[in-house]
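Here's the structure, in structure tokens; my notes come after.
The values are calculated or read from the model by the stated rules, or taken from the named source; none is laboratory data. Here the structure is a predicted model, which means the values were calculated and not measured. Here the Cβ positions follow ideal geometry from the backbone for every residue, glycine too, while neighbour counts run over all protein chains shown.
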Amino acid sequence: MTFLDRFGTDKACLEYLRGIRWRDGFRCPACGSSKGWPTARGTVYCRGCRRQTSPTAHTILHKSRTPIRKWFVAVWWMCTQKTGVSAKTLQRELPVGYKTAWLMLQKLRRAMVREARSPLSGTVEVDESYVGGEETGVGGRQLMGKALVAIAVELDGKKVGRIRLRHIPDASGKSLVGFIADSVEKGAKVHTDDWNGYNGVRGAGYLHRVTPILGDPQRALKYFPHVHLVASLLKRWLGATHQGSVRKRHLQVYLDEYAFRFNRRRSRHVGKIFHRVIEQMVVHGPKTYNEIVKAAEIN
């Protein structure tokens, strides 16, 4: 109710967004002038070049026909719902069309990735897991229609700390070591199994601990319990919230959303998480429906 009271109108949402975008005061993107004032339309009028700039311009809200208040409600649900929110749910609750709901969530998921986020450190457990239905006659690291997800778990004592997830094309050294290099701080202790795709971990600048699994699922569960826990929770989330209907080409943004909320699961201040997403909405540039679909097809 506090959220609904504070952001009950588009005007209130625009004021909040304006405060985040120009926290040090207005700066005209056209002429650089710092002299301006808000208009009745919600824009900021620049005294220097007499141009009006919207707080949503060149953000993920750029030229969006959906009222900004609905965007704020969508962000709030994504931050407060333990299992996230699906496009079907968003379509029903806002209400908006399904395509609009899907596009809103896709944009917000992309905004959840912060470029300057700190890498995992200390001791990190790394393994891969498949996302998709069970298939008979498939063994080892064969894909056969499934999606392969690399998982890195930072250990917080005996507990699970932060995580990183990546949809990878295969279990080669290029894919696995590349994922580790992008996700883990140099010099950290990386614990993997004896798959040859991890042979280059030490050469990439890490302390590499190897535990042979010998093809035994029980040994994998015993020696890599944190990765398996995250993998299990991830699959449960994809199956429950999204009914297992996530396509491979869009999988990465769902992984980013899951990692974002998982890494903040212990936070007692939902408002701060909400604020962080709104900040990221301002930083990330606009993407159209066609651009998002095309990018997913290329990847």
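A quick yes/no check of all residues on (1) farther than 17 Å from residue 146 by Cβ; (2) within 15 Å of the chain's Cα centre (by Cα):
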position	(1), (2)
224	yes, no
230	yes, no
235	no, no
241	yes, no
247	no, no
250	no, yes
254	no, yes
259	yes, yes
262	yes, yes
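Looking across the stretch 19-62, just one residue is under 27 Å from residue 105 (Cβ atoms) and in contact with a Phe, Trp or Tyr (Cβ under 7 Å, 6 or more places away or on another chain), and that is 61. Out of all the residues in the stretch 260-267, is one or more surrounded by fewer than 16 Cβ atoms within 10 Å (Cβ to Cβ), out of contact with any Gly (no Cβ under 9 Å at 6 or more places or on another chain) and more than 17 Å from residue 153 (Cα to Cα)? Checked the stretch 260-267: at least one residue is surrounded by fewer than 16 Cβ atoms within 10 Å (Cβ to Cβ), out of contact with any Gly (no Cβ under 9 Å at 6 or more places or on another chain) and more than 17 Å from residue 153 (Cα to Cα). Listed by first and then second residue, the pairs linking a residue in the stretch 112-134 that is of a type in the set (D, E, K, R) to a residue that is assigned to a loop (DSSP other than H, G, I, E, B), with Cβ atoms under 7 Å apart and 6 or more places separating them unless they lie on different chains, are 125/224; 127/193; 127/224; 128/171.
Considering only residues that are touching a Cys at 6+ places or on another chain (Cβ under 7 Å) and without any contact (Cβ under 8 Å) to a residue 24 or more places away in the chain, which ones fall in the stretch 1-34? Answer for the stretch 1-34, where residues must be touching a Cys at 6+ places or on another chain (Cβ under 7 Å) and without any contact (Cβ under 8 Å) to a residue 24 or more places away in the chain: 30, 31, 33. Residues that are buried (at least 18 other Cβ atoms within 10 Å of the Cβ) and either under 30 Å from residue 70 (Cβ atoms) or modelled with pLDDT under 95 (or both) within the stretch 105-127 comprise 105, 106, 107, 108, 109, 110, 111, 112, listed in sequence order.
Does residue 54 count as at pLDDT 90 or above, surrounded by fewer than 13 Cβ atoms within 10 Å (Cβ to Cβ) and not basic (Lys, Arg)? Spelling it out, it is not the case that residue 54 is at pLDDT 90 or above, surrounded by fewer than 13 Cβ atoms within 10 Å (Cβ to Cβ) and not basic (Lys, Arg). Looking only at residues of the stretch 72-93 that are over 20 Å from residue 280 (Cα atoms) and among the β-branched types (Val, Ile, Thr), we find that the one that is modelled with the highest pLDDT is 89.
Among the residues making up the stretch 62-84, a single one is under 17 Å from residue 276 (Cβ atoms), in contact with a Ser or Thr (Cβ under 8 Å, 6 or more places away or on another chain) and assigned to a loop (DSSP other than H, G, I, E, B): 84. From the list 174, 222, 189, the lone residue that is basic (Lys, Arg) and touching a His at 6+ places or on another chain (Cβ under 9 Å) is 189. Reported count of residues in the stretch 104-115, each being assigned to a helix (DSSP H, G or I) and in contact with a Lys or Arg (Cβ under 9 Å, 6 or more places away or on another chain), is 4. Every test in (1) in contact (Cβ under 8 Å) with a residue 60 or more places away in the chain; (2) over 22 Å from residue 73 (Cα atoms); (3) more than 15 Å from the chain's Cα centre (by Cα) is passed by residue 203 save one, and that test is (1).
Any residue in the stretch 10-20 that is of a type outside the set (S, T, N, Q), out of contact with any strand residue (DSSP E or B) (no Cβ under 7 Å at 6 or more places or on another chain) and part of a loop (DSSP other than H, G, I, E, B)? No, the stretch 10-20 has no match at all. Any residue in the stretch 284-294 that is assigned to a helix (DSSP H, G or I) and touching a residue at least 40 places away in the same chain (Cβ under 8 Å)? Yes.
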